[in-house]
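Taken together, the values in this text are just the output of simple stated rules run on the coordinates, not laboratory data. Predicted model, so just to flag it, every value in this text is computed and none were measured. Here the Cβ is made from the backbone with ideal geometry for all residues, glycine too, and neighbour counts use every protein chain on show.
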Amino acid sequence: MSVERFRVAAVQTVSGGDVAENLAAIAPQVAEAAGRGAKLVLLPEYFGIFGARAIDKVLAREPDGAGPQQDFLARVALEHGVWVVGGASPIAIADPARVRSASLVFDPSGRRVARYDKMHLFTFNQGDERYDEGKTIEPGEGPVSFAAPCGRVALSICYDMRFPELYRQFTDLSLILVPSAFTAITGAAHWHVLLRARAIENQCYVLAAAQGGEHPSGRRTFGHSLFIDPWGVIVAELETGPGVIIGDVDASRLAQVRRDLPAFSHRRSWP
């Protein structure tokens, strides 16, 4: 049975290429979130390694189940008694030139309870901005959700947000998590509208933790970590720089929106 109110937090970072330094900077942010009453803390994509080159994350890969980033997530979850979701960590695969980009969920006992591997891999080519994640990342194979005290929670990573059918695999979602490292260009154009649309069409909360600022490599990420309610209202936002946003997943608000506009009962199917 879901609790009436469940406080969640998104941590925004400006991570660099040193895993130990990144984790040391994040630890007090998780502590701050827990101190402000958060029961679930979401970290952004590439929270542990945001290198100057795409290959840097491959060099920092960890075997599934052990490594500095995974050990950190388990430790802070247990230390603060909160759910911790590591936005994306590079997990080793058989191909030594690529990794899986995995969102890992740890419960308040420090036990890993879910893993989602990023399915949609970002490709972009505009002027000097060129990205092709498929060169260093192997795509995941299917959607993943988990049960939290607030209800059903869907996992996704960054570029996934552009594919609404991913979230339609689930029914009665309470919360969608979107850890991200959006580029400044695509973020300015699409970030807010895409995340608000995902909240509105699924009639659930959306929590997006972002990388936000100028990284040691010189690359800029968009930031604007967001917490959005089921009506598409932005409840909390952090524009740029490291920090934490907080909000409550409110069961009565979910019920009200779905009662006022019963869109799910109006869905149609066709051959």
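Points to keep in mind about this one:
- The HN-Hα couplings worked out from phi for the stretch 262-271 by the Karplus form 6.51 cos²θ - 1.76 cosθ + 1.60 (θ = phi - 60°) are x, 4, 5, 6, 9, 5, 10, 10, 8, x Hz, whole numbers, x standing for Gly and Pro.
- With K and R counted +1 and D and E -1, the other residues having a Cβ less than 14 Å from that of residue 99 yield a net charge of 0.
- Neighbour counts of other Cβ atoms within 10 Å put 129, 32 in the fewest-to-most order 129, 32.
- Computed [θ] at 222 nm, helices only, for the chain once each DSSP H run of length n ≥ 4 contributes -39500 (n - 2.57): -7500 deg cm²/dmol
- Whichever lysines have a C-alpha closer than 19 Å to that of residue 118, once near sequence neighbours (fewer than 8 apart) are set aside: 57, 135
- Ranked for footprinting exposure by Cβ neighbours inside 10 Å, fewest first, 122, 264 give 264, 122.
- Kirkwood-based shape ratio for the chain, expressed as Rg/Rh from alpha carbons: 0.95
- Test item: Cα-centred dipole of the chain, Lys/Arg +1 and Asp/Glu -1 on Cβ, debye: 600 debye
- Along each principal axis, taking the top coordinate minus the bottom one, the Cα set of the stretch 28-186 gives 44, 34, 31 Å in descending order.
- Think of each Lys and Arg Cβ as +1 and each Asp and Glu Cβ as -1; about the Cα centre, that makes the dipole of the stretch 15-171 roughly 400 debye.
- Sequence-separation-based contact order of the chain, relative, with Cα cut under 8 Å and 6+ spacing, percent: 21 percent
- In plain terms, the residue of 191, 270 with the fewest other Cβ atoms within 10 Å comes first and the most crowded comes last, giving 270, 191.
- Take the Cα radius of gyration of the stretch 58-148 and divide it by 2.2 N^0.38 Å, N being the number of residues; the result is 1.19.
- Cut-off 15 Å between beta-carbons: net charge of the residues surrounding residue 162, Lys and Arg +1, Asp and Glu -1: -1
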